[in-house]
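Input: a single structure, listed below in structure tokens.
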Amino acid sequence: MLTWIVLAALAQFITALIVLVDKYVLVSQAHLGKPVVYAFYVSALSGVVIVLVPFGVISVPSLTVLALSLLASLTFIASVLFLYTALKRGNASDAVPIVGAVAAVVTLYLAFLLLDQDLPPAFIPAFVLLVIGTALISHIRLTWRSLRDVVLAGVFFGGTAVILKLIFLETTFIEGFFWSRMTNVIGALSLLVIPANRQAVFHGYHSSSQKLKWLVVSNKALSGVAVFLTLAAISLGSVSVVQAMAGLQFVFLLGFAYLSAAWFPAVFKGEIHAHQFPHQVYGILCIMAGLAALFLV
């Protein structure tokens, strides 16, 4: 039991670090840090799953799998666009817990509608805890525009999770994972249809240093490690406990934000405010309790 719990905790630790690096790139880099540019590269890098093809584990997808994969890619790109916009305007330690809370509720509700899954017995009290936590975190710290962005990011993340589940019901895990990643590349390329996006992407690439490019690629590779650790934990242990442990990410994120504010004050100075810190802590505790109620009760 200890092994998969350690894997799940490590995945949340890495994910919190990834979010802070994303925040650093988005805020400190004028060109590559544009949300649409960063979303393009995040989606395009999903194409690394092409390495699975030589092993013969991939077959031609059905129309249903292909259509669902394209839909999942659209919702995923929308979610990261709204998340990166919120991170550029506001603080990671404020935005990410709210995204997680909204995504959890949307996932369970859509699963109830589309997958015929029963809502958890503690859905209503958990929902109340998540709303209270969101209100405490967003109190003063988020503008209405930023709050809209994080809520929409959570809605699209939740929608993506349910669509992926529908894909896995239609095909094997490996093939579903492969095609949902490859269609992310198609989604990324579709962003280039808009001339302003195309100019921003190419300008961002040419104007960014080699060091920054490697930072972005390394961070997304680390994201792949976090996904692998999470899937390994789910395969070895309880999926409900692993889902509930997402609350650990917010604790790690708050700790990283505090340290980052000292190391990189120009980028992270807004993450920690002494007079608002209690609101933030209580909000995160409420969201953690809500997630535990949703997935453990």
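The values are calculated or read from the model by the stated rules, or taken from the named source; none is laboratory data. Not measured: the values here are computed from a predicted model. Here the Cβ is made from the backbone with ideal geometry for all residues, glycine too, and neighbour counts use every protein chain on show. Surface areas here come from the heavy atoms of the whole protein model, side chains and all, with no ligands, DNA or RNA. Shrake-Rupley method; radii C 1.70, N 1.55, O 1.52, S 1.80 Å.
Couple of notes before you dig in:
- Only DSSP H runs of four or more residues enter the estimate; each adds -39500 (n - 2.57), and after division by the residues of the chain the mean residue ellipticity at 222 nm equals -27000 deg cm²/dmol.
- Most mobile of 63, 248, 212 in a GNM of the chain (Cα contacts under 10 Å): 63
- Think of the chain as having a plus end and a minus end, set by charges on the Cβ of Lys, Arg, Asp and Glu; of 292, 253, 218, 218 sits farthest toward the positive end of this dipole.
- Taking all Cα-Cα distances within the range 54-118, those exceeding 17 Å account for 62%.
- The range 121-226, dipole about Cα centre (Lys/Arg Cβ +1, Asp/Glu Cβ -1), debye to the nearest 20: 400 debye
- Of the accessible area of the chain, computed with a 1.4 Å probe over protein heavy atoms only, carbon and sulfur atoms account for 74 percent.
- Relative contact order for the chain: 38 percent, from Cα pairs under 8 Å spaced at least 6 residues apart, divided by residue count.
- Take the chain with all the other protein chains still there, run a 1.4 Å probe, and you get 48 Å² of accessible area per residue.
- Cut-off 14 Å between beta-carbons: net charge of the residues surrounding residue 60, Lys and Arg +1, Asp and Glu -1: -2
- Of the residues 163, 177, 194, the one whose Cα sits farthest toward the positive end of the charge dipole of the range 135-208, with +1 on the Cβ of Lys and Arg and -1 on the Cβ of Asp and Glu, is 194.
- Assuming charge only on the beta carbon of Lys and Arg (+1) and of Asp and Glu (-1), the dipole of the chain about its Cα centre is about 900 debye to the nearest 20.
- Inter-label distance for residue 207 and residue 231, nm, one decimal - labels placed 7 Å from Cα along Cα-to-Cβ: 3.7 nm
- From the C-alpha gyration tensor of the chain, square roots of 5λ in Å: 28, 26, 18
- Distant alpha-carbon pairs in the range 74-184 (separation over 25 angstrom), percent: 28 percent
- In this rough spin-label picture, where each label sits 7 Å from Cα along the Cβ direction, the residue 113-residue 217 distance is 4.1 nm.
- 3J(HN,Hα) along the range 113-128, derived from phi through the Karplus expression 6.51 cos²θ - 1.76 cosθ + 1.60 where θ = phi - 60°, amounts to 7, 9, 10, 6, 8, 6, 5, x, x, 9, 4, 5, x, 5, 4, 4 Hz, with x in place of Gly and Pro.
- Ordering of 143-150, 79-86 by packing is 79-86, 143-150, highest average first (other Cβ atoms within 10 Å, averaged per residue).
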